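Novice: Take a look at the following structure, please.
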Amino acid sequence: MRILAIETSCDETSIAVVSRTDGLFTIDKNITSSQAKIHAQYGGVVPEVAAREHASWIFPLLKEVGVAHDGKEIDAIGVTAGPGLVPALRVGVEMAKTLAWAWHKPLVAVNHLEGHIYSVWLTSHRTTFPPHHLPTFPALCLLVSGGHTELILMRDHSQYELLGMTRDDAAGEAFDKVAKLLGLPYPGGPQISKAALEGDATAIDFPRPMIDSGDFDFSFAGLKTAVRVYVEGGKVERWKGVSKADVAASFQQAVVDTLVAKTLKAVEATNPASVILSGGVSANRLLRDTLKSRLDQQDSSITFHAPDLSLTGDNAAMIGAAGLMKAARGTFVDPLTLKADPNMRLA
Ligand code: KG4
Ligand code: ZN
């Protein structure tokens with residue numbers, strides 16, 4: 001089965017063609033146009049600007065993907081229906097509805113977070129063989145992006161149980177806001193992790209919020225405020241001997257320690273066969289390496305999966321993978337009535 005997938009939930013316009021044969025995914029095409037440079041001027045994503053950019057890129061990308069005008073080699077259309085920015089989501093959703101209706105193809109509404117989770121199936125397929133290296137169930141997912149920080153238990157394909165989530169800022173959002181405080185451009189995650197390479201992660205003892213809270217929720221707003229207080233006032237004397245790189249490294253360490261500690265507690269509580277790390281923040285090297293090694297120490301029988309670095313950020317291939325799983329179960333939506341849902345829930 002082959003799906004044409006569309007992603008426009010935030011600031012990347014992306015179209016992909018993904019196939020699934022004998023349970024394995026193949027990315028036939030995956031083309032993404034990023035607007036990050038445009039939004040960098042505003043210090044973050046502006047929804048109306050994002051929508052305008054999606055509208056101007058979506059047809060050129062469709063052409064570049066090279067599907068036939070009648071869509072004859074495509075079996076289904078998949079689209080991110082939420083969560084995300086409504087004006088941005090709508091561009092992709094309306095395009096997908098039009099193609100599904102005109103080509104008489106079934107339409108699948110994909111949750112963006114589900115797409116991030118399925119990015120590891122694409123990766124495992126490409127980098128490991130035989131396929132028993134794919135994640136097995138139950139799988140515990142740590143999903144960390146610009147908009148979400150969630151621990152999710154997957155008992156089977158397309159079955160999600162939310163164990164915990166952030167009560168305020170998402171991990172990626174905290175990276176972006178701290179980068180801004182340090183005068184680094186949007187998106188801040190890659191900038192902070194680059195700056196951190198030169199810094200001392202033990203220089204400042206920032207808080208590890210809710211690390212011992214006894215549940216699986218997160219909170220990053222207080223940590224961001226602690227960095228602000230440190231950088232902007234009161235701590236000028238201490239700030240003198242400390243470089244931006246030290247602040248970046250100490251902040252990054254606080255985020256990673258918190259994410260890893262909570263994930264390992266969830267491992268203890270749920271006894272999964274696999275742990276999946278995904279979402280934009282999964283590009284963070286310290287997070288990937290720390291989670292993998294601490295998991296190995298805790299229980300070496302649990303397999304660890306993180307996406308290929310080319311698939312950590314928003315892309316349509318991951319939406320295609322999640323869409324194919326839903327299509328295989330016959331979970332389709334009506335192309336005449338589908339609506340973008342900014343608060344779409346996974347579980
Ligand atoms: O999944 P994603 O591309 O978009 C959303 O669905 O939100 O995630 C984007 C987030 C941004 O906040 C960005 O700063 C963060 O991922 N990010 C990182 C890194 N690369 C991207 N955060 C920490 N370290 C990185 N290397
Ligand atoms: Zn995302």
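The values are calculated or read from the model by the stated rules, or taken from the named source; none is laboratory data. Bear in mind the structure is a predicted one, so any value in this text is a computation, not a measurement. Cβ atoms come from the backbone with ideal geometry, glycine included; neighbour counts cover every protein chain shown. Side chains are part of the model used for accessible areas, which takes the heavy atoms of the whole protein and leaves out ligands, DNA and RNA. Shrake-Rupley method; radii C 1.70, N 1.55, O 1.52, S 1.80 Å.
Novice: Determine the pairs where a residue that is farther than 21 Å from residue 268 by Cβ, located within the range 280-299, has a partner that is outside any helix (DSSP H, G or I) and hydroxyl-bearing (Ser, Thr, Tyr) with Cβ atoms under 7 Å apart, the partner being 6 or more residues away or on another chain.
Specialist: 280/145; 280/312; 281/145; 282/312; 283/312
Novice: A further question follows. Within the range 168-191, count every residue that is within 16 Å of ligand 2 (Cβ to nearest atom) and within 23 Å of residue 142 (Cβ to Cβ). Talk me through it step by step, then tell me what you get.
Specialist: Kept after step one, since they are within 16 Å of ligand 2 (Cβ to nearest atom), are these residues of the range 168-191: 169-176, 186-190.
So of that shortlist, the ones also within 23 Å of residue 142 (Cβ to Cβ) come out as 169-176, 187-190.
Qualifying residue count for the region: 12.
Novice: Sticking with this structure for a sec: If a residue must be more than 13 Å from ligand 1 (Cβ to nearest atom), polar (S, T, N, Q) and under 20 Å from residue 141 (Cβ atoms), how many such residues does the range 302-347 contain?
Specialist: 3
Novice: Can you find even one residue in the range 311-319 that is touching a Cys at 6+ places or on another chain (Cβ under 8 Å) and not aliphatic (A, V, I, L, M)?
Specialist: Step one: filter the range 311-319 for residues touching a Cys at 6+ places or on another chain (Cβ under 8 Å), giving 314.
From what's left, not aliphatic (A, V, I, L, M): 314.
Yes - at least one qualifying residue is present in the range 311-319.
Novice: Anything in the range 182-193 that is open to solvent by less than 40 Å² (accessible area, probe 1.4 Å) and near ligand 1 (Cβ under 10 Å from one of its atoms)? List them, or say none. Full working, then the answer.
Specialist: Filtering the range 182-193 down to residues open to solvent by less than 40 Å² (accessible area, probe 1.4 Å) leaves 182, 188-189, 192-193.
Residues satisfying the conditions are 188, 189, 192, 193.
Novice: All but one of (1) under 22 Å from residue 159 (Cβ atoms); (2) not small (Gly, Ala, Ser); (3) not in a loop (DSSP other than H, G, I, E, B) hold for residue 343; which doesn't?
Specialist: (3)
Novice: With the requirement that a residue be under 30 Å from residue 157 (Cα atoms), surrounded by fewer than 16 Cβ atoms within 10 Å (Cβ to Cβ) and not polar (S, T, N, Q), what does the range 15-56 give you?
Specialist: 22, 23
Novice: Tell me the residue from 312, 258 that is in contact (Cβ under 8 Å) with a residue 24 or more places away in the chain, in contact with a strand residue (DSSP E or B) (Cβ under 7 Å, 6 or more places away or on another chain) and of a type in the set (S, T, N, Q), please.
Specialist: Numbers: 312 fails: in contact with a strand residue (DSSP E or B) (Cβ under 7 Å, 6 or more places away or on another chain).
That would be 258, the only listed residue that is in contact (Cβ under 8 Å) with a residue 24 or more places away in the chain, in contact with a strand residue (DSSP E or B) (Cβ under 7 Å, 6 or more places away or on another chain) and of a type in the set (S, T, N, Q).
Novice: Return yes or no: is residue 113 at pLDDT 95 or above and closer than 19 Å to residue 8 by Cβ? Walk me through it before giving the result.
Specialist: Values: at pLDDT 95 or above: yes; closer than 19 Å to residue 8 by Cβ: yes.
Yes.
Novice: Please go through the range 309-321 and give me each residue that is under 13 Å from the mean Cα position of the chain (by Cα), among the small types (Gly, Ala, Ser) and assigned to a helix (DSSP H, G or I), ordered by number. Write out each step before concluding.
Specialist: Within the range 309-321, the subset under 13 Å from the mean Cα position of the chain (by Cα) is 309-319.
Now restrict to residues that are among the small types (Gly, Ala, Ser): 310, 313, 316-317.
Hits for the range 309-321 are 310, 316, 317.
Novice: For the range 281-304, give me each residue that is closer than 25 Å to residue 26 by Cα, in contact with a helix residue (DSSP H, G or I) (Cβ under 7 Å, 6 or more places away or on another chain) and surrounded by fewer than 24 Cβ atoms within 10 Å (Cβ to Cβ).
Specialist: 283, 288, 304
Novice: Looking at the range 28-41, which of its residues are more than 18 Å from the chain's Cα centre (by Cα) and in contact (Cβ under 8 Å) with a residue 40 or more places away in the chain? Even if it seems obvious, please write down each step before you answer.
Specialist: Our first condition is that a residue be more than 18 Å from the chain's Cα centre (by Cα); within the range 28-41, this holds for 28-29, 37-41.
Within the range 28-41, 39, 40 qualify.
Novice: Any idea how many residues of the range 7-30 are within 11 Å of ligand 2 (Cβ to nearest atom) and in contact with a helix residue (DSSP H, G or I) (Cβ under 7 Å, 6 or more places away or on another chain)? Working first, answer last.
Specialist: Going through the range 7-30, the residues within 11 Å of ligand 2 (Cβ to nearest atom) turn out to be 7, 9-12, 14.
When the remaining residues are screened for being in contact with a helix residue (DSSP H, G or I) (Cβ under 7 Å, 6 or more places away or on another chain), the result is 7, 9-11, 14.
The number of residues fulfilling the criteria is 5.
Novice: Which of (1) of a type in the set (A, V, I, L, M, F, W, C); (2) crowded, with 23+ Cβ neighbours inside 10 Å; (3) under 16 Å from the mean Cα position of the chain (by Cα) is the odd one out, the single condition residue 196 does not satisfy?
Specialist: (3)
Novice: Within the range 158-181, restricting attention to residues that are open to solvent by 40 Å² or more (accessible area, probe 1.4 Å) and either in a loop (DSSP other than H, G, I, E, B) or among the hydroxyl-bearing types (Ser, Thr, Tyr) (or both), which residue is farthest from ligand 1 (Cβ to nearest atom)?
Specialist: Looking at the filtered set, the residue picked out is 167.
Novice: Just to confirm my filter: which helices (runs of 4 or more DSSP H) fall fully inside the range 210-308 and include at least 1 residues that are modelled with pLDDT of 95 or more and within 23 Å of the chain's Cα centre (by Cα)? Spell out how you get there, then give the answer.
Specialist: Working: elements: 221-232, 236-240, 244-270, 285-298.
Because the criterion is at least 1 residues that are modelled with pLDDT of 95 or more and within 23 Å of the chain's Cα centre (by Cα), the helices (runs of 4 or more DSSP H) in the range 210-308 that meet it are 221-232, 244-270, 285-298.
Novice: For residues that are farther than 16 Å from residue 221 by Cβ and under 9 Å from the mean Cα position of the chain (by Cα), tally how many sit in the range 141-158. I'd like the intermediate steps shown before the answer.
Specialist: Going through the range 141-158, the residues farther than 16 Å from residue 221 by Cβ turn out to be 141-143, 145, 150-158.
Those still in the list that are under 9 Å from the mean Cα position of the chain (by Cα) too: 143, 145.
Residues that pass the stated criteria total 2.
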